[in-house]
1. Does segment 191-201 include one or more residues that are under 29 Å from Gly251 (Cα atoms) and either assigned to a strand (DSSP E or B) or β-branched (Val, Ile, Thr) (or both)?
2. Which of the helices (runs of 4 or more DSSP H) found entirely inside segment 365-429 contain at least 1 residues meeting this: over 18 Å from Met347 (Cα atoms)?
3. So which residues in segment 208-230 are part of a loop (DSSP other than H, G, I, E, B) and hydrophobic (A, V, I, L, M, F, W, C), if there are any at all?
4. Test Met121 against the stated conditions and say whether it is surrounded by 21 or more Cβ atoms within 10 Å (Cβ to Cβ) and touching a strand residue (DSSP E or B) at 6+ places or on another chain (Cβ under 6 Å).
5. What's the number of the only condition in (1) surrounded by 23 or more Cβ atoms within 10 Å (Cβ to Cβ); (2) in the same structural domain as Phe104 (by TED's automatic domain parsing) that Val261 fails to meet?
6. Hey, among Leu372, Leu331, which residue is over 23 Å from Ala69 (Cβ atoms) and in contact with a helix residue (DSSP H, G or I) (Cβ under 8 Å, 6 or more places away or on another chain)?
7. For residues that are part of a loop (DSSP other than H, G, I, E, B) and hydroxyl-bearing (Ser, Thr, Tyr), scanning just segment 231-267, find the one that is farthest from Leu117 (Cα to Cα).
Amino acid sequence: MSSRPGLPGSSAEDRPFTRAMRADGRPATLDDYVAAGGYEGLRRAVAELKPPEVTSLVTESGLRGRGGAGYSTGRKWSTMPLGPDAPRPKYIVCNADEMEPGSFKDRFLMERNPHLLLEGMLLAGFATEADEGYVFLRAQYDASYAALQGAIGEARERGYLGEDILGSGFSFDIELHTSIGRYICGEASAMLNALESQRPNPRARPPHMTGAGLFSRPTVVNNVESYMAVPAIVRHGVDWWKGLSITDEGGTKIFGVAGRVANPGCFELPMGVPMRELIEVHAGGMLPGYALRAVSPGGASTSLVGAHEIDVPLGFATMGEVHSRLGTGTLVILDDQTCPVGMTLNMMQFFAQESCGWCTPCREGLQWMAALLEDIEYGRGRPGDLEVLAEGTWFMESDKCFCDLAPGATQPLESALRLFPEEFARHIADGGCPYRRHSSDAPAAEAPAAEAPVLEGTT
């Protein structure tokens, strides 16, 4: 068996995200979690470390946000004011809305290992001397809600949440907040507005959230997987965490694969695992009758990577080599029987619908670009439309928009125009999508149902 972290046959300790998960797919109980070393990081922190030392460990580990932005987690925590003169209360918020199309890793982490999220938020609360935590959860995630609610009840009963945790004098509690869900809530300040029952529009900066966040108090916001990485770092140390990775970015990560592959699902693997290995080995390769054309490597708001470039290591730094981003690390497969123009149109329609309407480029531009793509897909395209679309992606750059929704929305379009110019030109020349006209020629095989994707490396 392979000894690579995250694979069957490696030590359970080398799989920090999945080591406590049950084989039957049910949420790990507190006893399951403690038996797998759970809450040992919290015990070490409150007994041996001071709050800034916990932040230093996270910073030295190289942990970067796993929700898509990739910002240094420890650096963010280090800007939280500490000491008796700091404004109170202070908050820790977990953004568990997960509205990125193609992403599903956080949902399965919460459903299978909810105590790991609680311990990560507790450690963040200890490191920043915060008073209370909130999980901003997408309302449709019923199973995640049930798992987290059960875990919170267990943790309170056993003294891991509430007053004087483990007799240390540190007090901290966590509340669940369910939201109807909008894509804009992936932007942290818009999510805080929604948590305050306001319209979810992004906020102007400065001030930054660690200065004035939730209810205008100092606040740290991180993603589910970001918090879940922290307990192992505190328990085992920086050198151990870095040793799990193929690159210098440290640790393992939950990668996902969706599309016409043999084994779609989630996989805990080292940071830096080659994209080709993820697709061809762990996801089992393409289904019979289909060939790989391109990959959206981090959800729908990342640039497509051509099939000839998939030897790239999956990491925050390395993905720039193929003009893309790691994003959430959940791969969406584009096969040779799926129209790249139609796939891009689907993405653009979603982003146009999810715009909060706060700035003109996003509110007007995404609707306009989606309409132009629809014309091309359905046979109403005209010569010159492709040049207009390419110019439109330039107008959506970050310095022209209030937040990163519109710039992220146009990345799949920009990359599709670059990778598949002949497909777009063919749509215009032939009067619409050839895949729609010849859909009966597609292979009969379909991707298997994936109600419970395989989570490789579970115990």
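1. Scanning segment 191-201, I find no residue that is under 29 Å from Gly251 (Cα atoms) and either assigned to a strand (DSSP E or B) or β-branched (Val, Ile, Thr) (or both), so the answer is no.
2. 385-395
3. Met209, Ala212 - these are the residues of segment 208-230 that are part of a loop (DSSP other than H, G, I, E, B) and hydrophobic (A, V, I, L, M, F, W, C).
4. yes
5. (2)
6. The conditions single out Leu372.
7. The residue in question is Thr247.
Here's the yes/no breakdown for (1) surrounded by fewer than 21 Cβ atoms within 10 Å (Cβ to Cβ); (2) at pLDDT 95 or above; (3) in contact with a helix residue (DSSP H, G or I) (Cβ under 9 Å, 6 or more places away or on another chain); (4) not β-branched (Val, Ile, Thr):
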position: Arg156; (1), (2), (3), (4): yes, yes, no, yes
position: Tyr183; (1), (2), (3), (4): no, no, yes, yes
position: Ala188; (1), (2), (3), (4): no, no, no, yes
position: Asn201; (1), (2), (3), (4): yes, no, yes, yes
position: Pro207; (1), (2), (3), (4): yes, no, yes, yes
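The values are calculated or read from the model by the stated rules, or taken from the named source; none is laboratory data. Please read all numbers here as calculations on a predicted model, not as lab measurements. Backbone-built Cβ (ideal geometry, glycine too); neighbour counts: all protein chains shown.
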